[in-house]
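Data block below; observations after.
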Protein chains: 2
Amino acid sequence: MTVSEFDLITQLFADIGAPRADVVLAVGDDCAVLEPVAGQQLAVTTDTLVEGVHFFLDVSPEALGWKAVAVNISDLAAMGARPAWLTLALTLPSIDLDWCRGLARGLRRACDAFGVQLVGGDTTAGPLAITIQAIGLLAPGQARRRSGACVGDLIYVTGTLGDAGLALLARQSSDVVLNGAELVACTQRLEWPQPRLQQALLLSPCVHAMIDISDGLFADLGHILTASAVGATIRLADLPRSTVFAQACTRLQRAGMAVEAVYDLQLAAGDDYELCFTIAPARVAECARMLYQLGCHCIGVIEAQRGLRCLDGQGRQYTPPHTGYDHFAGRAQR
Amino acid sequence: MTVSEFDLITQLFADIGAPRADVVLAVGDDCAVLEPVAGQQLAVTTDTLVEGVHFFLDVSPEALGWKAVAVNISDLAAMGARPAWLTLALTLPSIDLDWCRGLARGLRRACDAFGVQLVGGDTTAGPLAITIQAIGLLAPGQARRRSGACVGDLIYVTGTLGDAGLALLARQSSDVVLNGAELVACTQRLEWPQPRLQQALLLSPCVHAMIDISDGLFADLGHILTASAVGATIRLADLPRSTVFAQACTRLQRAGMAVEAVYDLQLAAGDDYELCFTIAPARVAECARMLYQLGCHCIGVIEAQRGLRCLDGQGRQYTPPHTGYDHFAGRAQR
């Protein structure tokens with residue numbers, strides 16, 4: 001490619017997200033210059049999506065751009081932070097202007113949706129990968145850490161679990177056949193994850209500990225338990241299911257799929273980008289209306305006994321065969 | 001690999017750089033939480049090193065860790081910012097604990113050298129790549145942009161140019177043979193670049209425009225000229241050369257290397273990580289002692305006529321065959 005084509009790529013990513021008043025200097029110099037409101041703390045996170053690992057080349061570049069931003073926004077949300085700025089480190093094997101334009105559209109959609117501005121970046125040649133780093137703002141003391149869970153807290157999740165995992169399973173296994181509507185709805189969850197930012201900002205003052213579910217509930221709730229030095233029991237029948245997920249699983253179970261496979265989708269498949277949080281029983285009453293309106297479901301309770309216990313529909317203890325996404329185990333996609 | 005090995009890798013990168021008072025929460029939650037001094041602006045930059053493009057696998061992981069940090073510190077320095085915090089997005093094809101320990105050692109050396117703390121990160125499976133994002137602090141209005149150059153400004157560079165490029169050329173071309181001392185010194189410049197942070201902080205109040213030289217002087221000074229809507233003339237005989245570079249080039253020229261190849265190393269090979277800056281003639285007198293003590297050399301002057309003109313030893317105009325590193329042109333390393 002010529003230098004002018006390279007410049008063109010750079011320009012594609014130079015002006016993404018509505019200009020924010022706290023951005024002094026955006027893309028185009030050695031650094032971006034930002035002016036946080038005095039007294040605010042910063043929340044900083046980074047996430048990489050790698051081709052062949054987190055996505056396949058047949059995904060639309062627009063969805064990919066959206067997801068690269070969304071997974072980072074989900075981390076900021078889980079901290080109770082308000083997203084502000086992004087940087088993009090993009091590694092491209094070659095130049096495909098149409099593909100890059102699609103990626104830029106997806107980034108733009110996400111930046112507009114979450115009120116963030118892309119302020120800097122680096123484009124390099126190499127195997128396709130997208131690293132976003134996101135910075136958000138927090139009032140001092142308002143960070144919702146993984147370590148805040150207390151014995152007796154109730155455990156809640158937003159939304160529904162397992163949809164994205166089902167889309168991936170259907171793609172990978174010829175035994176798992178979804179109908180058109182199911183495939184569309186579950187693929188939407190996989191490719192266009194919706195970080196629960198508004199819910200997080202509303203819930204944040206009420207919760208003891210919060211995390212986003214990216215590697216699967218079992219692993220991510222496990223991080224809360226480890227960081228808080230507590231344990232928990234959850235009831236698998238209480239894990240919220242979307243209508244399409246419930247319908248597809250009922251049919252697939254009738255056709256021979258084990259109930260354990262359904263549990264696995266909800267516990268360990270990952271890519272849900274819901275929130276998992278704990279809340280003191282004394283605060284549940286005052287927050288009940290909000291919890292209901294935000295579509296949160298209680299799935300269990302924090303206990304002193306370490307470890308995460310899962311009870312199946314008959315109240316028997318269930319030990320999951322997978323405990324969340326293993327980054328190096330060679331599973332086909334994350 | 002097992003999950004515990006993955007945890008081990010994560011732990012290797014969890015505690016790098018001396019703890020800073022402005023870090024509320026470092027590695028281990030959804031986000032890091034940082035508390036900048038009220039009234040300070042933030043400078044933010046990101047740079048990726050990709051295996052096979054920016055480095056080869058035979059480089060020591062310790063040098064690689066150092067360089068991944070150093071190239072980002074160089075960007076902060078060029079802005080006049082004081083480095084504070086880093087995040088690391090590391091993509092690994094497989095787990096080699098010894099290699100990862102070496103990388104962590106290099107990251108730690110660089111963090112200690114520049115007073116920064118690694119506060120967050122993401123480890124993914126995939127082709128080897130290292131993305132660092134760095135955040136620095138700046139007094140309001142103190143950012144030294146590329147766009148500040150004025151007609152009549154003198155153009156300076158720190159240190160010497162071409163050493164890293166010569167190391168790379170010797171590696172790639174059997175015609176270019178360096179003696180032991182030359183190879184060691186030039187390879188040191190390539191693999192352990194020293195960002196000119198102290199110089200940048202001292203020079204910053206005096207300069208109109210500043211940039212770090214990563215893609216080669218011709219391209220990077222070109223960025224200043226474009227952003228400032230000016231032009232320049234530089235004299236190639238004034239480009240500072242290290243003793244080993246001068247000695248090696250004299251010998252190589254005697255053996256038939258064209259002088260243009262020497263110019264090319266100093267103008268376009270890149271990886272110098274020196275500073276290029278412009279300064280008003282009226283300020284040169286008061287800064288002369290500092291410029292001398294910091295080892296800065298005047299190489300040219302900013303002019304109204306757009307474009308960058310290079311004059312050779314005989315005062316003739318010289319047009320470089322390469323104008324800096326082209327990220328997608330398939331040159332062997334950057």
Those residues that are assigned to a helix (DSSP H, G or I) and buried (at least 22 other Cβ atoms within 10 Å of the Cβ), I need them from segment A:227-245; list them, please.
-> A:Phe245
Residues of segment A:11-36 being surrounded by fewer than 20 Cβ atoms within 10 Å (Cβ to Cβ) and at the interface with chain B (Cβ under 8 Å from one of its Cβ atoms), which ones?
-> A:Val24, A:Gly28, A:Glu35
Kindly establish whether B:Leu57 is open to solvent by less than 10 Å² (accessible area, probe 1.4 Å) and closer than 20 Å to A:Thr124 by Cα.
-> no
State yes or no: is B:Ala113 free of Cβ contacts under 8 Å to residues at least 40 places away in the same chain, surrounded by fewer than 21 Cβ atoms within 10 Å (Cβ to Cβ) and among the aliphatic types (A, V, I, L, M)?
-> yes
If you go through segment B:64-83 one residue at a time, do you hit one that is modelled with pLDDT of 95 or more and farther than 26 Å from B:Gln199 by Cβ?
-> no
Would you mind telling me which numbered condition in (1) open to solvent by 40 Å² or more (accessible area, probe 1.4 Å); (2) within 24 Å of A:Ile73 (Cα to Cα) A:Ala181 fails?
-> (2)
Among the numbered criteria (1) over 27 Å from B:Thr187 (Cα atoms); (2) open to solvent by 10 Å² or more (accessible area, probe 1.4 Å), which single criterion is violated by B:Trp66?
-> (1)
Quick one: in segment A:82-133, which of the residues that are of a type in the set (Val, Ile, Thr) and touching a helix residue (DSSP H, G or I) at 6+ places or on another chain (Cβ under 9 Å) is farthest from the other protein chains (Cβ to nearest Cβ)?
-> A:Val116
Hey, B:Thr160 without any contact (Cβ under 8 Å) to a residue 40 or more places away in the chain, of a type in the set (Val, Ile, Thr) and either closer than 21 Å to B:Cys249 by Cβ or open to solvent by 30 Å² or more (accessible area, probe 1.4 Å) (or both) or not | no
With the checklist (1) in contact (Cβ under 8 Å) with a residue 40 or more places away in the chain; (2) surrounded by fewer than 18 Cβ atoms within 10 Å (Cβ to Cβ) in hand, flag the one item B:Ile224 doesn't pass.
-> (2)
Please determine, by comparing only the residues of segment A:37-48 that are surrounded by fewer than 22 Cβ atoms within 10 Å (Cβ to Cβ) and not polar (S, T, N, Q), which one is nearest to the other protein chains (Cβ to nearest Cβ).
-> A:Ala38
Determine whether segment B:269-281 contains at least one residue that is open to solvent by 50 Å² or more (accessible area, probe 1.4 Å) and either under 17 Å from B:Val177 (Cα atoms) or not polar (S, T, N, Q) (or both).
-> yes
Kindly indicate whether B:Ala125 is assigned by TED's automatic domain parsing to the domain that holds B:Val24, open to solvent by 20 Å² or more (accessible area, probe 1.4 Å) and touching a Phe, Trp or Tyr at 6+ places or on another chain (Cβ under 9 Å).
-> no
Do we have any residue at all in segment A:140-151 that's within 10 Å of chain B (Cβ to nearest Cβ) and open to solvent by less than 20 Å² (accessible area, probe 1.4 Å)?
-> yes
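The values are calculated or read from the model by the stated rules, or taken from the named source; none is laboratory data. The model shown is predicted, which means the values in this text are computed figures rather than measured ones. When we count neighbours, we look across all protein chains shown, and the Cβ atoms used for this are built from the backbone with ideal geometry, even at glycine. What goes into the accessible areas is simple: the full protein's heavy atoms, side chains included, and nothing from ligands, DNA or RNA. Shrake-Rupley method; radii C 1.70, N 1.55, O 1.52, S 1.80 Å.
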